[in-house]
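Colleague: Attaching a single structure in structure tokens format; questions to follow.
Please treat every number below as a calculation from the coordinates, not as lab data. Everything numeric in this text was worked out from a predicted model, so none of it was measured. Neighbour counts run over all protein chains shown; Cβ positions are idealised from the backbone, glycine included.
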Amino acid sequence: MGTDKLEYTLIRSDRRTVSLAVTPEGLVVRAPLRLPKHAVDEFVESRRDWIATHTARMEARQKELSSIEPLTEPELRALAEEALKVIPERAAHYAPLVGVRCNRITVRAQRTRWGSCSSRGNLNFNCLLMLTPPEVLDSVVVHELCHLKELNHSPRFYAEVLRVFPEYYRWNDWLKKNGDALMKRLP
């Protein structure tokens, strides 16, 4: 156990508990507005081992991600062409099950999103979905189609997603665990 004071970014809000997050930018602590700074410092110090473990994991993951080779432009174009064939078929399969109709489907190479839905009923998908298991692609398609009913992430929205695609959380977890590595493939 070290004696150096741990440095962190403190974010105060109208919350009841203290939370920690290890990010590539450093340690982030979220705390209630009225909690004294010394109490926040004590909490952080009491979690020193947890912070060290998660920092090591995050650094290993960052090192792993830095060695990933980006796709070439021809590879990216080929993925986009494949996605333009496959994704509309999957959307056509699931739209009646959700009970919606989508307007336009667009495929892009996006750095931060797997899919999105506009209020006009247009759906956008990331071509990198073609590098995922088919169930991951389906989970994203169902997620976006359900936004045509609920433009939010309410319990009602997730109930609809799970009604149509009961394995949603399993494949969403896969995407959370592996998505960074896929995004690193973008040139």
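Colleague: Using only the alpha-carbon atoms of region 73-183 as identical scatterers, what base-10 log of I(q)/I(0) does the Debye formula give at q = 0.18 Å⁻¹?
Modeller: -0.85
Colleague: Where does helix 37-46 land angle-wise versus the long Cα axis of the chain, in degrees 0 to 90, nearest 10?
Modeller: The angle comes out at about 80 degrees.
Colleague: Order by neighbour count: ARG30, ARG48, fewest other Cβ atoms within 10 Å first, most last. List each step's numbers first, then the result.
Modeller: Numbers: ARG30 16, ARG48 13.
Ranked by crowding around the Cβ, least crowded first: ARG48, ARG30.
Colleague: Let me know the volume per residue of the alpha-carbon convex hull for region 1-109, in Å³.
Modeller: 193
Colleague: Then there is this: Determine, for each peptide in 120-127, 87-94, the mean count of other beta carbons within 10 angstrom over its residues, then list the peptides with the highest first.
Modeller: Values: 120-127: 19.5, 87-94: 17.0.
Packing proxy ranking, top to bottom: 120-127, 87-94.
Colleague: How large is the Kirkwood hydrodynamic radius of region 9-66, in angstrom, based on all distinct alpha carbon pairs?
Modeller: Numbers: mean 1/r = 0.0818 Å⁻¹.
It works out to 12.2 Å.
Colleague: Ignoring everything except DSSP H segments at least 4 long, calculate the 222 nm mean residue ellipticity for the chain; use -39,500 (n - 2.57) per segment, divide by total residues, nearest 500.
Modeller: Values: 6 runs with 95 residues, N = 187.
It comes out at -17000 deg cm²/dmol, rounded to the nearest 500.
Colleague: If you average 1/r across every pair of different Cα atoms in the chain and take the reciprocal, what Kirkwood value do you get, in Å?
Modeller: On the way: mean 1/r = 0.0521 Å⁻¹.
With all distinct Cα pairs of the chain included, I get 19.2 Å.
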